[in-house]
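Readers should treat all values here as calculations from the given coordinates under stated rules, not as data from a laboratory. Because the structure is predicted, anything quoted here is derived from the model rather than measured. In this analysis, Cβ positions are derived from the backbone assuming ideal geometry, glycine residues included, and neighbour counts consider all displayed protein chains.
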Amino acid sequence: MSDTKKASDLFIECLEEEGVEYIFGVPGEENLDFLESLSSSKKIKLILTRHEQGAGFMAATYGRHTGKTGVCVATLGPGATNFVTAGAYAQLGGMPMMMITGQKPIKKSKQGRFQILDVVDMMGPITKFAHQLAAGDNIPSRIREAFRLAEEEKPGAVHLEFPEDIAEEQTDSRPIPRSIARRPSAEPKAVRMAVNALESAKCPVLVIGAGANRKMTGRMLHQFIEKTGIPFVTTQMGKGVIDERHPLFLGCAALSAGDFVHRAIEDSDCIVNIGHDVIEKPPFFMKPNGPTVIHVSTKTAEVDPVYFPQIEVIGDIANAIWQIKEDVVPQGKWNFDHMLAYRTAEVEHTTPLSQDNRFPIFPPHLVQATRDAMPEDGIICLDNGVYKIWFARNYTAYLPNTVLLDNALATMGAGLPSAMMSAMLYPGRKVMAICGDGGFMMNSQEMETAVRLGLNMTVLILRDDAYGMIRWKQANMGFKDWGLTYGNPDFVKYAESYGANGHRVESADHLKEVLDHCLSTDGVHLIDCPVDYSENDQILNHDIKELSKKL
């Protein structure tokens, strides 16, 4: 007789075969066979969180950092629905992640429709693959397919529903080993067309987007920039692909239009758009008879009213950049002086703002103080709010994946779990979650998880006692200030109630002291930092646009 085992044991064996290290989540009674099998694993650690959303954000961030699929588990019904935001976060943000949810028995059920939702159908629109396991024998092929799809470009979320009667079935199936897959290389004729366009241009520029954030792509881009001397800009999710201290860095397109960086792009007659993802707001708007746009990506461009590139170089991005770099000859007629002047003007505008030491803290000063406090390989994980624009514009990223922000789903509540995952993966590096008071309170219960895991990390809360991003938009649209303010707990006592260390900033000088102390001291630290957002509208919507026009 063949060697049979419980299907849930096989499931865990398949996850081990895929190299899974952690499973994050909140199990329910429908997961108990799975949990029992997981308890015997020597390779996979369960990370119990306080909310499924926190587990999902941690799994997605694991995928973002490593390129391997992060795995999370929840029960049926309300556990599964709590995964939806995190699943969309991973799917839109290009992070490989697997959600596993339980379900009542599908062959015989004696509980009517209690807690029953069509979870697979619900997950379909926000994943690359959603499937109910209906037989233990099929587990190996379904898991291998799910991992393949999660990690294939563009990476994203997958979902498997594991009913409890299937979990307890006996099966003699075995895990399927991972395959070795290589992405296709860009077609040489397309490369030649791109090179011709570059060499014919007077003022080319590179725009580095979310899809360029891959290890080899950053390396190839650096070599390309060094050879050609062509300047570059980034989108928010392209930050850090190239060291932003580079003299040819023109800035980050954090706003939609009208910033210094947009003026620099408008100077160009040939834009090389690398790893463009329509999920981000366009860093530039194409018009008929405008500059030539070369789209370099793993997938063809989705055409919309403001993006219709004339040349597409499709395939492995790193290989495509290498091919272009090998063929292109730098041209004497190229002139980037005016483009670079925009960057100089931006720095001249920002520097005095960053030195403004008012209290509550001025956002540009906060960004500079954070950059000064963080080491070169330190990781900041932003939640979502108006400060994200300040950090995207003004925080100099030195290395890939050191500025984790979400410009895809742009959800609140992800900053803290994202920083927790970063601290787990890189215990030797300094990690800081930067959250608004609104976003922090959406998943603040994960402070207990961070303390329980013994993590070393800092949570910087920017407190304005309001949903500040929406309040800024409200003011900009000429509406009255209404409906967006609230109260907050005493964040110092709140942190201490979890066993974390609480700090309250009392001046600009004190901010520096507190940051230095927290980053040099073990444990979980929370900093309550009052911020002054009163000039957001004036600076971001008026001053920048008027100053950049004058050059």
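Size of the range 355-542: Rg and Dmax of its alpha carbons, in Å, are 15.5, 48.
How far is the Cα center of the range 490-551 from the Cα center of the range 326-340, in Å? Here the answer is 40 Å between Cα centres. Please name whichever of ILE294, PHE260, MET339 sits farthest to the positive end of the charge dipole of the range 188-341, dipole taken about the Cα centre and charges placed at Cβ: Lys and Arg +1, Asp and Glu -1. Going by the Cα projections, it comes out as ILE294. Calculate how many DSSP beta bridges within the range 355-542 are antiparallel, expressed in % of all such bridges and rounded to the nearest 5. Close to 5 percent. Considering every alpha-carbon pair of the range 403-484, the percent of pairs per 10 Å bin, from zero through the bin containing the longest distance, is 17, 42, 27, 11, 3. Projecting the Cα positions of VAL492, LEU462, ALA475 onto the charge dipole of the range 355-542 (unit charges on Cβ atoms of Lys, Arg, Asp and Glu, taken about the Cα centre) puts ALA475 furthest along the positive direction. Were the residues from ARG452 through TYR426 laid out at 0.36 nm apart, the gain over their Cα-Cα distance would be 7.6 nm. DSSP beta bridges fully contained in the chain are about 5 percent antiparallel. Take each peptide in 463-472, 284-293, count the other Cβ atoms within 10 Å of every residue, and average; sorted highest first, the result is 463-472, 284-293. Taking other C-beta atoms within 10 Å as the exposure proxy, GLU52, GLU17, GLU302, GLU153 rank GLU302, GLU153, GLU17, GLU52 from fewest upward.
If R0 is taken as 35 Å, the Cβ-Cβ distance between ASP3 and THR66 corresponds to a FRET efficiency of 0.60. Taking every alpha-carbon pair under 8 Å whose residues sit at least 6 apart, the range 59-135 reaches a relative contact order of 33 percent. The angle separating the long axis of helix 215-228 from the principal Cα axis of greatest extent in the chain is about 10 degrees.
Computed from Cα positions, the angle between helix 317-327 and the longest principal axis of the chain comes to roughly 40 degrees.
How do TRP482, TRP334 line up, fewest other C-beta atoms within 10 Å first? List each step's numbers first, then the result.
Values: TRP482 8, TRP334 16.
By the 10 Å Cβ count, ascending: TRP482, TRP334.
Each Lys and Arg contributes +1 and each Asp and Glu -1, all at the Cβ; summed about the Cα centre of the range 190-304, the dipole is approximately 320 debye. Here the simple spin-label model places points 7 Å from the Cα toward Cβ, and for ASP269 and ARG183 these points are separated by 3.2 nm.
Were the residues from THR396 through TRP334 laid out at 0.36 nm apart, the gain over their Cα-Cα distance would be 19.7 nm. The calculated 222 nm mean residue ellipticity attributable to helices in the chain amounts to -11000 deg cm²/dmol, summing -39500 (n - 2.57) over DSSP H runs of n ≥ 4 and dividing by all residues. Less than 5 angstrom separates the built amide H of GLY436 from those of ASP383, ASN384, LEU462, all sequence-distant by 5 or more or on a different chain. Proximity of backbone amide H atoms, modeled 1.01 Å from N, is registered between GLY70 and GLY63, MET97, MET98 at under 5 Å, excluding neighbours fewer than 5 places apart on the same chain.
The dipole here belongs to the range 5-171: it is taken about the Cα centre, uses +1 on the Cβ of Lys and Arg and -1 on the Cβ of Asp and Glu, and is about 260 debye. Amide H contacts of ILE361: VAL531, ASP532, each under 5 Å away and 5 or more positions distant or on a separate chain (H built 1.01 Å from N in the peptide plane; Pro and chain starts excluded).
Over every Cα atom in the chain, the radius of gyration and the widest Cα-Cα span, Dmax, amount to 24.5, 83 Å. Residue ranges 503-513, 210-220 sort as 210-220, 503-513 when ordered by packing (mean number of other C-beta atoms within 10 Å per residue, highest first). Over every Cα atom in the range 323-403, the radius of gyration and the widest Cα-Cα span, Dmax, amount to 16.9, 54 Å.
Secondary structure note: in the range 188-341, about 5% of the DSSP beta bridges are antiparallel. With θ taken as phi - 60° and the Karplus curve 6.51 cos²θ - 1.76 cosθ + 1.60 applied, the whole-hertz 3J(HN,Hα) list for the range 530-543 is x, 10, 10, 9, 5, 9, 3, 5, 4, 6, 6, 9, 10, 4 Hz, x standing for glycine and proline. Using all pairs of distinct alpha-carbon atoms, the Kirkwood hydrodynamic radius of the range 227-330 works out to 14.4 angstrom.
With a Förster radius of 25 Å applied to the beta-carbon distance between THR344 and LYS227, the computed FRET efficiency rounds to 0.60.
Since only ALA157, ASN357, GLY428 are under comparison, the one whose Cα sits farthest along the positive direction of the charge dipole of the chain, derived from C-beta charges on Lys, Arg, Asp and Glu, is ALA157. In terms of the mean number of neighbouring beta-carbon atoms within 10 Å, the peptides 95-101, 324-330, 179-185 order highest first as 95-101, 324-330, 179-185. As a proxy for reagent exposure, ranking CYS529, CYS252 by other Cβ atoms within 10 Å from fewest up yields CYS529, CYS252. Under a model in which nothing but the beta-carbon of Lys, Arg (+1) and Asp, Glu (-1) is charged, the chain shows a dipole of about 920 debye around its Cα centre.
All alpha carbon pair distances within the range 452-512 were sorted into 5 Å bins beginning at 0; the resulting P(r) in whole percents reads 4, 13, 19, 17, 16, 13, 10, 5, 2, 0. Computing FRET efficiency as 1/(1 + (r/R0)^6) for ASP356 and ILE470, where r is the C-beta to C-beta distance and R0 is 22 Å, gives about 0.35.
Based on a Kirkwood Rh over C-alpha pairs, give the Stokes-Einstein translational diffusion coefficient of the range 5-171 at 10 °C and viscosity 1.306 mPa s in µm²/s. In µm²/s, the coefficient rounds to 104.
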